[in-house]
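Every number here is computed from the coordinates shown, using simple stated rules; none is lab data. Not measured: the values here are computed from a predicted model. Virtual Cβ from ideal backbone geometry, glycine too; neighbours counted across all protein chains shown.
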Amino acid sequence: MSSGPHAGAPGGVAVTVHDPAKCLEFVAPRASDLAALGPGWPAAPGALRRAADGRIELLHIASGRWLAPEPSAALSASLAARAAEGLGAVVDVEGKWCRLTLAGEGAARLLASGASLAGVLAARDCALLKLFDAPVVLAREADAFAAWVQASYLASLRATLEAVARRNARG
């Protein structure tokens, strides 16, 4: 396990902690508003939307709540427009979420030590869950997992991930 990707990480897992970035949440508490949010909006629980370049752009993390990590100017404007229409509220949560990437052949096993990946991500693109007691939004990437952990839990989660990766590496 490492703070950056490199070969030989314990348990075959490289964990990258990304620099803090702008992050927004969009809150639309009335379910009837979801249809009005428009086409391409990830309305189903656990759905997400990717930008044209493939990066995760918008995650449906809870009923009536979406996370927009590192939103583009276009997405920020779209969220603001929906808020101006009275469909919800945009909340600037910069500093609340820290992004991790878990890659390597042991990443799924490491995460499965704290949550049932098959159950959590079955028929979903993302999930808000407790992973080793830390609130985490988890999503699959092409060859890795993306996780946004609440910032106050980052040190604890990293320490637990490192300990579990060492244990997994021993067999």
Selected from Pro71, Pro39, Pro135 as most flexible by GNM, with the chain as the system and alpha-carbon contacts under 10 Å: Pro39
Neighbourhood charge, 14 Å Cβ-Cβ cut-off, centred on Arg166 and excluding it, Lys, Arg +1 and Asp, Glu -1: +3
For Kirkwood radius over Cα pairs in Å, calculated from these coordinates, the label among [x] 16.6; [y] 25.1; [z] 20.8: [x]
Residue with peak Gaussian network fluctuation, the chain [Cα springs, cutoff 10 Å], from Gly64, Gly38, Gly106: Gly38
The chain, dipole about Cα centre (Lys/Arg Cβ +1, Asp/Glu Cβ -1), debye to the nearest 20: 460 debye
The chain - mean residue ellipticity at 222 nm from DSSP helices (-39,500 (n - 2.57) per run, n ≥ 4, rounded to 500): -6500 deg cm²/dmol
Cut-off 9 Å between beta-carbons: net charge of the residues surrounding Lys22, Lys and Arg +1, Asp and Glu -1: -3
Low-density loop positions, trypsin sites (Lys or Arg not before Pro), the stretch 14-66 - DSSP coil, at most 15 other Cβ in 10 Å: Lys22, Arg30, Arg55
Length released on extending from Val27 to Glu105, taking residue separation times 0.36 nm less the Cα-Cα span: 24.5 nm
Along principal axes, Cα extents of the stretch 23-92, largest first, whole Å: 31, 23, 20
Segment Glu85-Ala151, extension gain: residue separation times 0.36 nm, minus the distance between their alpha carbons: 20.6 nm
Exposure proxy ranking, count of Cβ atoms within 10 Å, fewest first, for Phe26, Phe145: Phe145, Phe26
Among Ala44, Phe145, Ser78 - extreme Cα towards positive end, dipole of the chain, charges at beta-carbon: Phe145
